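Notes follow the structure.
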Amino acid sequence: TLSDRLADTFKHLRGKGKLSEADIDATAREIRIALLEADVALPVVKEFVAAVKERARGEEVSGALNPAQQVVKIVNEELVTILGGETRRLRYAKTGPTVIMLAGLQGAGKTTLAAKLALWLKDQDKTPVLVAADLQRPNAVQQLQVNGERVGVPVFAPAPGNGVGDPVAVAREAIEHAKRTLHDVVIIDTAGRLGVDAELMKQAADIRDAVQPDEVLFVVDAMIGQDAVTTAQLFLDGVGYDGVVLTKLDGDARGGAALSIASITGKPVMFASAGEKMTDFDLFHPDRMASRILDMGDMLTLIEQAEKSFDEAESRKAAEKLLETGDFTLDDFLKQMQQIRKLGSMSKIMGMLPGMGQFRDQLENFDEREIDRIQAIIQSMTPAERDNPKIIDGSRRARIAKGSGRQVSDVNQLVDRFFEAKKMMKSMMGGGGVPGMPAIPG
Ligand code: GDP
Ligand code: MG
């Protein structure tokens, strides 16, 4: 795997800690191979590797990670970013039914996905209706009806025996039907060919123009590999879409198509379909896909742990130093707050300070945004004020409030809180020291 190979690449510089140009080049080669193995399209690989190299060059040497881990972390972060960062949610229509249209090649998994999506929506108390607008293949309507039955969702289809229907008319009628029968989501299944086909592309575009979907989803087989880029681009030009759905992720494809498509089109991958069962469907998770592409989930867990314990050690060091010197300024207060944010929870760090466990309850209700406000206020103070908050009188408070865009009462509250925290520190220092800590000399 990539992590093994990277570990080999960096074997010789364990403990050296700095990434040289040669190291970065060697790493880039390994990443390139790994991405190609995952079936990422070549132009995407090139661009990606260049971006990673660039970032690796500018990166500060980490105290927490070895160079191999550091590079893997960069690669992973870049992957997650391209794959869409946070998962994008479906956009629902403000009034009337939400219209979702599916487009993609034949065999991509549209008809299957239509039913899976309907079931998923039903589980969220939506009342979807499926629309059979693939009138190309003889069995397409029936296939959707069978799938609809499996998930207990009605299917709107042209009456049988009417000859070859007009899919644009069917789609249009389906919306009217949904309005009348109070279905709140309309999922339109469309036709596709094995190859890209100008006539069918135009049909899909006509359906789109007729019903103005809230979401057009491009459905694509994850096994498509290197072809993903061309197909995705052709559908983008021919029909246009807002999001991507990857299917057949239960196969052994490593998911390079996801990266190729997201990177070339800039469209978010929204859902992942991974199996023949109707419940084999979920929101797409960029982080999971990134580790699938790189094939190194374990390495990522390790990195996370290494960083966490490094952060914790740093915080503990800072706390101990504070207790030793007893010199607690507003700068220390701010630093503490920032550390807390980094660690994610107040209670965690306070729990690490010996003797602080008792304050945990009170601190657990701490509001994260509060840290931003505190930071703004403290940063509006002069260095002298931060060192010696006693000098912060009325006129200084007014100036600080104005500078930070807060009220004077906020400044008052902060200063009060600071003195309380300081008192807390002091009392822990007196009376024979802190339980569990060696006695402090002097
Ligand atoms: P369409 O032509 O785009 O409508 O594709 P279909 O929904 O008819 O799917 C084509 C084939 O792929 C069918 O045999 C499906 O059962 C199968 N299929 C669809 N989605 C998945 C999936 O997530 N995993 C697997 N293994 N097969 C799938
Ligand atoms: Mg179909």
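The values are calculated or read from the model by the stated rules, or taken from the named source; none is laboratory data. Note that the structure is predicted; figures quoted are calculated from it, not measured. With ideal geometry, Cβ positions are generated from the backbone for all residues, glycine too; neighbour counts draw on all protein chains shown.
Annotation: GLY107 fulfils all but one of (1) in contact (Cβ under 8 Å) with a residue 60 or more places away in the chain; (2) assigned to a helix (DSSP H, G or I); (3) within 13 Å of ligand 1 (Cβ to nearest atom); the unmet one is (2). Only residues that are in contact (Cβ under 8 Å) with a residue 12 or more places away in the chain, away from ligand 1 (no atom under 16 Å from the Cβ) and outside any strand (DSSP E or B) were counted across segment 119-128, and they come to 4.
Within segment 107-149, being within 15 Å of ligand 2 (Cβ to nearest atom), surrounded by fewer than 21 Cβ atoms within 10 Å (Cβ to Cβ) and among the basic types (Lys, Arg) holds for one residue alone: ARG137. Kindly indicate whether any position in segment 91-102 is assigned by TED's automatic domain parsing to the domain that holds GLU276, near ligand 2 (Cβ under 9 Å from one of its atoms) and surrounded by 17 or more Cβ atoms within 10 Å (Cβ to Cβ). The answer is yes; a qualifying residue exists.
Of the residues in segment 37-49, not one is within 16 Å of ligand 1 (Cβ to nearest atom) and under 19 Å from ALA272 (Cβ atoms). ARG55 fulfils the conditions (1) out of contact with any Lys or Arg (no Cβ under 7 Å at 6 or more places or on another chain); (2) within 16 Å of ligand 1 (Cβ to nearest atom) except for a single criterion, (2). A residue that is touching a helix residue (DSSP H, G or I) at 6+ places or on another chain (Cβ under 8 Å), buried (at least 19 other Cβ atoms within 10 Å of the Cβ) and among the polar types (S, T, N, Q) occurs somewhere in segment 26-37. Residues in segment 180-195 that are of a type in the set (Val, Ile, Thr) and within 16 Å of ligand 2 (Cβ to nearest atom) were compared, and the one that is nearest to ALA232 (Cα to Cα) is THR190.
Would you say LEU217 is crowded, with 22+ Cβ neighbours inside 10 Å and modelled with pLDDT of 90 or more? Criteria met by LEU217. Only one of the numbered conditions (1) part of a helix (DSSP H, G or I); (2) in contact with a His (Cβ under 9 Å, 6 or more places away or on another chain); (3) not small (Gly, Ala, Ser) is violated by VAL131, and that is (1). The set of residues in segment 225-258 being more than 16 Å from ligand 2 (Cβ to nearest atom), surrounded by 24 or more Cβ atoms within 10 Å (Cβ to Cβ), more than 21 Å from the chain's Cα centre (by Cα) and not small (Gly, Ala, Ser) is empty.
Within segment 137-151, identify whether any single residue is within 12 Å of ligand 1 (Cβ to nearest atom) and either among the hydroxyl-bearing types (Ser, Thr, Tyr) or not in a helix (DSSP H, G or I) (or both), and answer yes or no. The answer is yes; a qualifying residue exists. Listed by first and then second residue, the pairs linking a residue in segment 129-145 that is in contact (Cβ under 8 Å) with a residue 24 or more places away in the chain to a residue that is more than 10 Å from ligand 2 (Cβ to nearest atom) and of a type in the set (S, T, N, Q), with Cβ atoms under 8 Å apart and 6 or more places separating them unless they lie on different chains, are VAL129/THR181; ALA132/GLN145.
Quick check on my filter: what residues within segment 208-237 are closer than 23 Å to ARG292 by Cα, small (Gly, Ala, Ser) and out of contact with any strand residue (DSSP E or B) (no Cβ under 6 Å at 6 or more places or on another chain)? Scanning segment 208-237 gives GLY225, ALA228, ALA232.
In segment 152-167, the residue that is nearest to ligand 1 (Cβ to nearest atom) out of those that are at pLDDT 95 or above and in contact with an Asp or Glu (Cβ under 9 Å, 6 or more places away or on another chain) is VAL155.
The residue list LYS126, LYS179, LYS122, LYS110 contains one member that is assigned by TED's automatic domain parsing to the domain that holds ASP214, out of contact with any Gly (no Cβ under 8 Å at 6 or more places or on another chain) and not small (Gly, Ala, Ser), which is LYS126.
Here PHE284 clears all of (1) crowded, with 21+ Cβ neighbours inside 10 Å; (2) more than 22 Å from the chain's Cα centre (by Cα) except the condition numbered (2). Filtering ASP331, ASP311, ASP298 for residues that are modelled with pLDDT under 70, of a type in the set (Asp, Glu) and assigned to a helix (DSSP H, G or I) leaves a single hit, ASP298.
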